[in-house]
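For reference, the structure discussed in these notes is given below.
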Amino acid sequence: GAAAGELMETFSQVAGFYVHFKDEKVPLAVASWNVKPLGFVREKRHMDMTVMLDFYKHLDAFLLSRKCSLAY
């Protein structure tokens, strides 16, 4: 698990995101994880809204897939 530094197991259970600038290379370790890379463009900060919408779209899909069907 995460206590032993094995993050691949952790990211198989939770929604993970890697926020970076698009001109920076994604590390190989991060590329092998089950995370959604979110890349911002330094020169086009007006496009930040599209990255934010992509974040929420991915998060909503993840939460919907894990939704409990029990009625309380």
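What number, in percent, do you get for the relative contact order of the chain if the mean sequence gap of Cα pairs under 8 Å and at least 6 apart is divided by its residue count? The partial results should precede the final answer.
Numbers: 55 pairs, mean separation 17.9, N = 72.
Dividing the mean separation by the residue count of the chain yields 25 percent.
With every protein chain left in place, what is the accessible area per residue of the chain in square angstrom, probe 1.4 Å?
Numbers: 5830 Å² over 72 residues.
Value returned for the chain: 81 Å² of accessible area per residue.
Taking a straight line from the alpha carbon of K44, these lysines sit under 17 Å away, with near neighbours fewer than eight places off in the same chain left out: K22.
Please state the charge dipole magnitude for the chain, taken about the Cα centre, from unit charges on C-beta atoms (+1 on K and R, -1 on D and E), reported in debye and rounded to the nearest 20. Each step should come with its number before you reach the end.
Working: 9 positive and 8 negative charges, 40 e Å.
In debye, rounded to 20, the chain gives about 200.
When the Cα positions of L64, M47, V14 are compared along the charge dipole of the stretch 3-66, M47 comes out farthest toward the positive end, with charges on each C-beta of Lys, Arg, Asp and Glu. From the coordinates of this entry, P(r) over Cα pairs in 10 Å bins from 0, in percent is computed, and it appears in (i) 17, 39, 31, 11, 2; (ii) 21, 54, 23, 2; (iii) 14, 22, 21, 16, 12, 11, 3, 0 under the label (i).
Once neighbouring chains are kept in place and the probe is 1.4 Å, which whole percent of the accessible area of the stretch 3-66 is contributed by carbon and sulfur?
Values: 3050 of 4940 Å².
About 62 percent, which is the carbon plus sulfur part of the accessible surface.
A Förster radius of 22 Å, combined with the Cβ-Cβ distance separating M8 from M49, puts the computed FRET efficiency at roughly 0.10. In this structure, the amide hydrogen of K22, modeled 1.01 Å from its nitrogen in the peptide plane, lies closer than 5 angstrom to those of F40, V41, R42, counting only residues at least 5 positions away or on a different chain.
Suppose R0 equals 25 Å; then what is the FRET efficiency for F17 and L70 from their Cβ-Cβ distance, rounded to the nearest 0.05?
Details: r = 28 Å, r/R0 = 1.12.
The pair F17/L70 has a calculated efficiency of 0.35.
The values are calculated or read from the model by the stated rules, or taken from the named source; none is laboratory data. Just so it is clear, the structure is predicted and the values come from calculations on it, not from any experiment. Here Cβ is always computed from backbone atoms with ideal geometry, including for glycine, and neighbour counts include all displayed protein chains. Please note that ligands, DNA and RNA were not included when accessible areas were found on the heavy atoms of the full protein model with its side chains. Shrake-Rupley method; radii C 1.70, N 1.55, O 1.52, S 1.80 Å.
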